[in-house]
1. Looking only at the stretch 162-189, how many residues end up being assigned to a helix (DSSP H, G or I) and at pLDDT below 95?
2. Being away from the ligand (no atom under 16 Å from the Cβ) and modelled with pLDDT of 95 or more is the requirement here; does Glu87 meet it?
3. Taking Val155 as meeting all but one of (1) closer than 24 Å to Glu273 by Cα; (2) among the β-branched types (Val, Ile, Thr); (3) modelled with pLDDT of 95 or more, write down the number of the exception.
4. Can you name every residue in the stretch 4-44 that is surrounded by fewer than 16 Cβ atoms within 10 Å (Cβ to Cβ) and either among the hydrophobic types (A, V, I, L, M, F, W, C) or modelled with pLDDT under 95 (or both)?
5. Hey, could you check the stretch 96-126 for residues that are within 13 Å of the chain's Cα centre (by Cα) and charged (D, E, K, R) and say which is nearest to the ligand (Cβ to nearest atom)?
6. Please state which of the following conditions Glu87 fails to meet, knowing it meets all the rest: (1) without any contact (Cβ under 8 Å) to a residue 60 or more places away in the chain; (2) within 30 Å of Asp191 (Cα to Cα); (3) crowded, with 20+ Cβ neighbours inside 10 Å.
7. Evaluate the following for Asn158: is it within 28 Å of Lys26 (Cβ to Cβ), touching a helix residue (DSSP H, G or I) at 6+ places or on another chain (Cβ under 6 Å) and surrounded by 17 or more Cβ atoms within 10 Å (Cβ to Cβ)?
8. Criterion first (surrounded by 24 or more Cβ atoms within 10 Å (Cβ to Cβ), touching an Asp or Glu at 6+ places or on another chain (Cβ under 9 Å) and at pLDDT 95 or above) does Leu131 satisfy it?
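The values are calculated or read from the model by the stated rules, or taken from the named source; none is laboratory data. Just so it is clear, the model here is predicted, and its values are computed rather than measured. Cβ: placed from backbone, ideal geometry, glycine included. Neighbour counts: every protein chain shown.
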Amino acid sequence: MRHLPSLKDFSADEIKQILNKAVEIKANPADYYNVLHRKSLAMLFQKTSTRTRVSFEAAMTELGGHAIFVDWATSNFVLSGIEHETEYLSRNVSCIMARLMHHEDLQKIISASRVPVINGCDEMFHPCQALTDVLTIMEYSDNNLEAQHLVYVGVQNNVSNSLALICDKLNIELTLATPEDTANRESLDTDVQHILKTSSRINQTTDPKAAVQNANFVYTDTWIDMQYFNNPDHEAENKARLNMMMPYQINTKLLAGINCKVMHDMPIHDGFEISASMTKDPRAIIYPQSENRLHAQKGLLWWLYQEAGEIA
Ligand code: CP
């Protein structure tokens, strides 16, 4: 049985199987209406979400199954051990997707689960987003991934970690344009750091203007992790970071004359990591990218259920 904690233990071939299945289901949705008939997915959330929740629930519905939203705060996950609650959960559903604060808690869920577990984003990784992002790049590059240069401009975090992992596997050129001293310490991962040091295709710079010159795709994400955005205890730190990050904003000045597509995993913070005008720029593919969350989840669910022997 396979889980998706990050993309580390997935081969390039396995990632392509998921992405190709997503493409196939997107083109022929009716062929897959009943593939997960009577299967249930538990969606466990410790943090807020729009896309991850909606896309997984819609994916299960459109594949003939059912999704159950489990709010950590109002469930007995707050009272009991993760292992006990997970053991129960995995006896009543056939797959678990969890969005947690801490990757180590996701690992506990994986250890206790009898069914596949999907990381719906934690402080270290966002693998479902990375699958969506590459699915989108496939669509906008005639599936010519190895010829693409993706430039991520912003803070090194869970999203940039997952992009580094998937680009390294699929041989997509990736440049992280990030200020060195704003990497989220809690997101630093030794394997990703090793890739950044050793891969000829994955590079890091502090100069966003130079980085975007030959970009096919320019990508940004929030500068402040979601759990801290409206947290009054982080107000001063948030303000300092927003000021420091302004040279990294994706805007028409940064991308003047650059023939690229602009990506953002959403939610968007207008006027911070991206200017309001840039979200409406003809180069922006942010909404088709967000739509692809649904299609990528379908490919992933199909693949994990098949690996678990639940479907033919
Ligand atoms: N990109 C993303 O994960 O969106 P949500 O936080 O809304 O799920």
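1. First, pick out the residues of the stretch 162-189 that are assigned to a helix (DSSP H, G or I): 162-170, 180-182, 185-187.
Still in the list and also at pLDDT below 95: 180-182, 185-187.
Final tally of qualifying residues: 6.
2. On the way: away from the ligand (no atom under 16 Å from the Cβ): yes; modelled with pLDDT of 95 or more: yes.
The answer is yes for Glu87.
3. Unmet condition: (3).
4. Scanning the stretch 4-44 gives Ala12, Ala27, Ala30.
5. Arg99
6. Among (1) without any contact (Cβ under 8 Å) to a residue 60 or more places away in the chain; (2) within 30 Å of Asp191 (Cα to Cα); (3) crowded, with 20+ Cβ neighbours inside 10 Å, Glu87 violates only (3).
7. Working: within 28 Å of Lys26 (Cβ to Cβ): yes; touching a helix residue (DSSP H, G or I) at 6+ places or on another chain (Cβ under 6 Å): yes; surrounded by 17 or more Cβ atoms within 10 Å (Cβ to Cβ): yes.
Answer is yes for this residue.
8. Numbers: surrounded by 24 or more Cβ atoms within 10 Å (Cβ to Cβ): yes; touching an Asp or Glu at 6+ places or on another chain (Cβ under 9 Å): no; at pLDDT 95 or above: yes.
Taking the combined requirement at face value, the residue does not satisfy it.
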